[in-house]
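Bear in mind that the values in this text are calculations on the coordinates, not laboratory data. Everything numeric in this text was worked out from a predicted model, so none of it was measured. For neighbour counting, all protein chains shown are included, and Cβ atoms are generated from backbone atoms with ideal geometry for every residue, glycine included.
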Amino acid sequence: MPDIAYSREFKDKLLLFVKDNVKQSRYEHTLRVIAKAKEYADRYGADWDRLEVAAIFHDAYRHEGNLEHGPIAAEHLEKDWGVTDPEILEAIRYHTIGHAGACKLTMVLKLADTLEDGRSFDEAPVLRKALTDDLESSMLLVMERIKAYVMSVRDDRFNETSQEFIDWLKERVPQDKEKLMSNKEIALKIAKALDDKKAQDIVLIDIAERSGFADYFVIADAANSRLLEALADEAEDKMAQVGEELRHKEGVGESGWILLDFGDIIVNLFTKAKRDYYNIEKIWADCDSEQYEPERN
Ligand SMILES: [Fe+2]
Ligand SMILES: [Fe+2]
């Protein structure tokens with residue numbers, strides 16, 4: 001049985017079964033999870049041959065509101081299809097909640113399921129970009145966001161197994177890495193807010209190594225001084241929403257340069273002329289920097 005378990009023919013049969021067993025939108029989600037899982041398998045070095053089986057079947061028994069669909073699908077895959085690989089079964093069983101001690105297949109499937117390209121919750125684009133090549137810290141970041149979301153919409157307590165998963169990840173991810181990742185996420189969030197308000201040429205610079213005062217610079221320019229003020233207000237509002245307080249502000253629109261200090265993240269907003277004039281990017285030229293490229297549909 002196991003040797004046919006991973007043939008193309010077997011996988012196609014599995015996928016056909018899923019297509020017949022769930023509604024069209026769920027099937028389309030499955031196809032997007034498969035695509036995303038392939039991308040992340042390459043990135044994190046997961047065994048694609050086995051992960052593909054898990055991705056195909058993870059929602060095979062997903063019907064409205066049944067939170068037990070993971071364990072149910074895992075059982076059926078073993079009983080009806082003869083798949084006994086413990087990691088494939090684990091990945092499917094725990095794809096909704098995760099668990100302490102999760103294997104690589106489980107984590108990669110969970111990331112793909114949460115961030116497949118059809119997911120359009122507010123933070124999805126930021127989270128996709130915030131992932132690094134480190135699987136555990138990326139997983140931790142995503143789990144923390146899921147928790148924040150669940151707690152914001154529901155009054156009841158967060159799933160205990162998921163909390164254990166978070167605690168386990170925290171033990172394994174060095175604290176400075178955890179902090180750096182969440183700061184990158186915040187920097188990306190600011191970048192997205194600025195982009196939504198028509199800021200131009202948004203650049204993120206990772207200054208953690210070089211600077212004793214902050215982790216990230218976000219730099220952007222505005223077409224005129226009025227827009228500059230509007231961008232500063234937007235950044236301040238968006239940060240206040242996630243509990244990041246503005247510690248210090250310098251400059252006004254008229255001066256062509258506004259600096260916003262959020263502690264670990266410093267935002268520099270310029271008119272084009274002032275940006276060229278001060279050229280602070282040159283000062284930090286030996287740090288890693290990236291151009292912010294928004295996702296556009
Ligand atoms: Fe699911
Ligand atoms: Fe799913």
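Where only DSSP H runs of four or more residues are counted, the chain gives -18000 deg cm²/dmol as its mean residue ellipticity at 222 nm, each run worth -39500 (n - 2.57). Sites counted here are GluC sites (Glu not before Pro) in a DSSP loop (not H, G, I, E or B) having no more than 14 other Cβ atoms within 10 Å; the longest part of the chain that contains none of them is 69-208. With R₀ fixed at 30 Å, the C-beta to C-beta distance from Lys79 to Asp42 puts the FRET efficiency at about 0.45. With a threshold of 18 Å on the Cα-Cα distance, the over-threshold entries among Lys184/Lys238; Lys197/Lys282; Lys13/Lys104; Lys129/Lys272; Lys36/Lys110; Lys189/Lys238 are Lys197/Lys282; Lys13/Lys104; Lys129/Lys272.
Relative to the current alpha-carbon distance between Phe213 and Asp134, full extension at 0.36 nm per residue lengthens the span by 25.9 nm.
Normalising the average separation of contacting C-alpha pairs (under 8 angstrom, six or more residues apart) by the number of residues puts the relative contact order of the range 190-291 at 31 percent. For the range 224-294, trypsin sites (Lys or Arg not before Pro) meeting the loop criterion (DSSP other than H, G, I, E, B) and having at most 16 other Cβ atoms within 10 Å: Arg247.
Annotation for the range 41-134: chymotrypsin sites (Phe, Trp or Tyr not before Pro) lying in DSSP loop with at most 13 further Cβ atoms inside 10 Å of their Cβ are Phe121.
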